[in-house]
Amino acid sequence: MIKEGKIGTIEAISISTIFLITKAFYINPGTVIKLMSTAGWYATEISVLGSMLLFLILYLLMKRFPGNDLVGIFDIAAGKFLGKLFSLIFSGFFVYYSGVNIREFVEMIKAYILPYTPPSAIIILFMGIVIAYAYAGLEGIARMGYLSFIVILVGLVIILVLPFPFYDIDNLFPMGGYGIKASLQYGALRSSAYSEVAFLAFIINSLQGTKNFRKAGLISLAFAGIIIGTIILCSLLAFEYPQGSENLSALFQLSRIVYFSRFFQRVETVFIFIWVMASVITVSITFYLAVSIFCKSFKIPKYRPFLLPFAFCTFLVTLLPENISEIVEKHTNFLRSYSMFIVYFIPILVLIIAIIRGKKGVKEKDEEA
Amino acid sequence: MRKLRLILFFVILVFILTSCTTDRHEVDDQVYTLMIGCDKGIENKVRITIQFPTYKEGGGGGMGKKGGGGSEEGEVSGTLVATIEASSILEGINLLNTSTTRRISFVHTKTIVFSEEMAKEGVRDYLQPIARFREARRIMQIIVCKGTAEDFIKDNKTQIGESLSKAMELAAKQSENSGYFPEVPFQEFYTATISPYRQAFTIYAGLNEFKTIKPLDGENVKKNSPLRTEYNMQPGDIPRTGNRKIEFIGMAVFNGEKMVGSLSSYETRYFLLATGRFKRGIFTIEDKNSPGDAIPFDLRLARMPKTSAHFENGVPVVNVKISVEADLGAIQSRIAYEKVNKINDLNRHLANIIQGGIEKTIRKTQQEWNTDIFGFGKKIAHNFSTVTEFEQYNWLKHYKEAKVNVDVIANVRRTGLMMSSSPIRNNEDTILSKERK
């Protein structure tokens, strides 16, 4: 089996939170405002609560099979064939997730900073860094994630505080958005936008126990809810809901309107810095997971030889969308509105199968203690 | 393996160090437009005028040094002005690259000017490129000018200091010192044009040809000098000579994308006071106890205005409470307003004048244009539970029906460097001051 090493709860919270909030650097706040207008900032918390609920169901599954990660549980509970099939679905999903995320990053970087640079040049450079991270392994990603998390938080605070002269609390009214029904409907559906936290189930053995798994998952979901809710709130405060739904990147626009004097303006470099950091960590996690799940499901002890083939697959996914409209309307919409049907519902299905078949793991000594 | 890593490392290093992507730009390989003007075109949709630095002495950015060559024909304060007609702003500027030696960039554009004629026809087509194009920054100022934008830009020069870009930023900041015009970044203007709560406004500007000030010749000298306090002037009408021709005074009012009218200098001040944007300014009133004498105040808002709104029998009612503070600048009549019993009178008089002015300005926006530039819609929105209901009600349509109650409290806090005014005497021992009458 792959030796993934151990990571602390704080590191797990850091990488999980980064993984969850990276979408807020892209089109996500604009989409939420478009769907829920003035209610977007608190309706996203409905998504968080929905995701927390599903995560707790996932926790029940993990608790039933202590000492096993999700790949192992698939095999035990659903049998070798179905188990492998489920694992491969997740491996493919993470390849797809990496590819779409890289392509979204590329489109944004082309829209704002490097309009004439060939996308393949950006993708190859980005992939190079991601491969290096994945080569270092989970421990390496977690350590870097922890360091990056602090920098990202500081950067976010700077970007969200500096445009305060543009903030107007009245922009949040009428507070009901498009109505309670719409807020609940989209809020629940967009639980998918917070479903990434389920990745912790694949690295649970590095987290040293199911309790740490639950703790890391719930805390990172709460953090992500607060951070994304605040970003949407600031976007509404500065832009009102009609313009808030137009912006390609709410955070980038917020950083571009900062103007205090001739000498204090143009702070978007802060945004670019933390944006790249968050995107690299996120794609490194998903890319690493794709390779590691594949190797675990076929009991391959070394994952590194698979990095380049998987990088090639990811590169192919990045080429799938023909334009930014396709990325926004099809791919990211799928990931943020429907991915929970894969990420949460497959494990829930496995839990049901396990209950029906009476499959259970063996309790570890430390778990019992 | 080690060799392979080294080769890969150097390949990446070369790639990064040479910045060999198509997006690399040497800073001085480009020219940076300072001002963009839009007029109605004759041969095509829009006539675009741009102003950019020559990188010679005083070349706009303030980085110019001597020795860069003499001034060129048509050079204005170290900048060149070029005009072109095209189908759109972006196309026009791209077309100008055919006659410019360096690529024209928007990244340092400070201002975009629309001619009044164009603003009245609608600026919708010209907002999109600024909102959408990555180079254009939303912190640039929006101006509507009387006459043509082309002429306006040709007179955009600095007489104080070398840097035109600095002069332009400081000129916009003068709003904070006078309150005669608002400071409106594109971000705010654009948001207002698509807002369901309010409508857009921006700086109104023009060129002063120095013809409104009458010469001090024989006939004029003999005339009495009347006191005019609330001079409601339009751009270009300030009686003055000297300094630069450009003047910002008043504001252009928009209904959606079209300019529908303008507020004069004092109306603008009342607008700024009612919306909490007024920073400070000398505000002069006529002394009611001594007609013909003026009392100038250094006026500022004591705190942000409190605005609330509700519905009464289906009629929207808006209440605005404004609190201003002032320091006495002068008492021409030398009446002892510094005394406690008189300062309260003065407070009430000042408050009444401001309240009347604000009410009149609000009525003007309601009756003449039905355009809520005050943003009362944001307070009206508190009375709706959902955006759907608010949009169905359509506040912008109902603005004219609103009853707006204005309440102003004025407080003259300080009396300058004097506690009282002593009477002025002449050699006949006649007290000229009216204080003792």
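The values are calculated or read from the model by the stated rules, or taken from the named source; none is laboratory data. From a predicted model like this one, the values you see are computed outputs, not experimental measurements. Reconstructed Cβ throughout: ideal geometry from the backbone, glycine too, with neighbour counts over all protein chains shown. Areas reflect the complete protein model, heavy atoms only, side chains present, ligands, DNA and RNA absent. Shrake-Rupley method; radii C 1.70, N 1.55, O 1.52, S 1.80 Å.
Assorted remarks:
- Filter result for the condition that a residue is at positive phi and modelled with pLDDT of 90 or more, over B:Gly122, B:Gly67, B:Gly60: B:Gly122
- Among the residues of region A:31-52, just one is of a type outside the set (A, V, I, L, M, F, W, C), within 19 Å of A:Leu254 (Cβ to Cβ), under 17 Å from the mean Cα position of the chain (by Cα) and open to solvent by less than 10 Å² (accessible area, probe 1.4 Å), namely A:Thr44.
- Residue in region B:147-193 that is most open to solvent (accessible area, probe 1.4 Å), counting only those that are within 14 Å of another protein chain (Cβ to nearest Cβ) and among the charged types (D, E, K, R): B:Lys166
- Meets criteria (open to solvent by 20 Å² or more (accessible area, probe 1.4 Å), in a helix (DSSP H, G or I) and of a type in the set (Gly, Ala, Ser)) for B:Gly416: no
- Residue list for region A:193-246, restricted to those being more than 13 Å from the chain's Cα centre (by Cα), among the polar types (S, T, N, Q) and open to solvent by less than 20 Å² (accessible area, probe 1.4 Å): A:Ser206, A:Thr210, A:Ser235, A:Gln243
- Region A:173-214, residues that are within 14 Å of another protein chain (Cβ to nearest Cβ), part of a helix (DSSP H, G or I) and in contact (Cβ under 8 Å) with a residue 40 or more places away in the chain: A:Ala182, A:Ser183, A:Leu184, A:Tyr186
- Evaluation of A:Phe306 against (1) open to solvent by 50 Å² or more (accessible area, probe 1.4 Å); (2) more than 22 Å from A:Gly72 (Cβ to Cβ) (one fails), failing number: (2)
- When A:Gly79, A:Gly83, A:Gly145, A:Gly155 are checked against the criterion of being closer than 20 Å to A:Ser297 by Cβ, open to solvent by less than 60 Å² (accessible area, probe 1.4 Å) and touching a residue at least 24 places away in the same chain (Cβ under 8 Å), A:Gly83 stands alone in meeting it.
- Residue list for region B:76-102, filter: modelled with pLDDT of 75 or more and either charged (D, E, K, R) or on the phi > 0 side of the Ramachandran plot (or both): B:Gly78, B:Glu85, B:Glu91, B:Arg102
- Verdict on A:Ala24 being of a type in the set (A, V, I, L, M, F, W, C) and either within 14 Å of another protein chain (Cβ to nearest Cβ) or more than 16 Å from the chain's Cα centre (by Cα) (or both): no
- Region B:374-386: number of residues that are facing chain A (nearest Cβ under 7 Å) and in contact (Cβ under 8 Å) with a residue 40 or more places away in the chain: 4
- Odd one out for A:Ala201 among (1) at pLDDT below 90; (2) on the phi < 0 side of the Ramachandran plot: (1)
- The one condition from (1) among the aliphatic types (A, V, I, L, M); (2) open to solvent by 60 Å² or more (accessible area, probe 1.4 Å); (3) within 14 Å of chain B (Cβ to nearest Cβ); (4) within 18 Å of A:Pro29 (Cα to Cα) that A:Val161 does not meet is (3).
- Given (1) at pLDDT 95 or above; (2) under 21 Å from B:Thr415 (Cα atoms), number of the condition B:Ile335 does not satisfy: (1)
- B:Gln141 more than 9 Å from every other protein chain (Cβ to nearest Cβ), closer than 19 Å to B:Phe106 by Cβ and buried (at least 22 other Cβ atoms within 10 Å of the Cβ): yes
- Residue that is most open to solvent (accessible area, probe 1.4 Å) [pool: residues in region A:107-135 that are at the interface with chain B (Cβ under 7 Å from one of its Cβ atoms) and not small (Gly, Ala, Ser)]: A:Tyr116
- A Cβ distance below 7 Å, combined with a sequence gap of six or more or placement on separate chains, defines the contacts here; from region B:93-105, residues that are loosely packed, with under 15 Cβ neighbours inside 10 Å reach residues that are assigned to a loop (DSSP other than H, G, I, E, B) in the pairs B:Arg103/B:Asn97.
- Of all positions in region B:347-355, none carries a residue that is within 14 Å of chain A (Cβ to nearest Cβ) and either part of a helix (DSSP H, G or I) or more than 18 Å from B:Ser290 (Cα to Cα) (or both).
- At least 2 residues being of a type in the set (Ser, Thr, Tyr) is the threshold, and among the helices (runs of 4 or more DSSP H) wholly inside region A:1-109 those reaching it are A:9-21, A:40-64.
- Exactly one residue among B:Pro226, B:Pro196 is surrounded by fewer than 21 Cβ atoms within 10 Å (Cβ to Cβ), assigned to a loop (DSSP other than H, G, I, E, B), within 14 Å of another protein chain (Cβ to nearest Cβ) and over 19 Å from the mean Cα position of the chain (by Cα), and that residue is B:Pro196.
- Entirely in region B:251-315, the strands (runs of 3 or more DSSP E) that have 3 or more residues that are without any contact (Cβ under 8 Å) to a residue 40 or more places away in the chain: B:294-301
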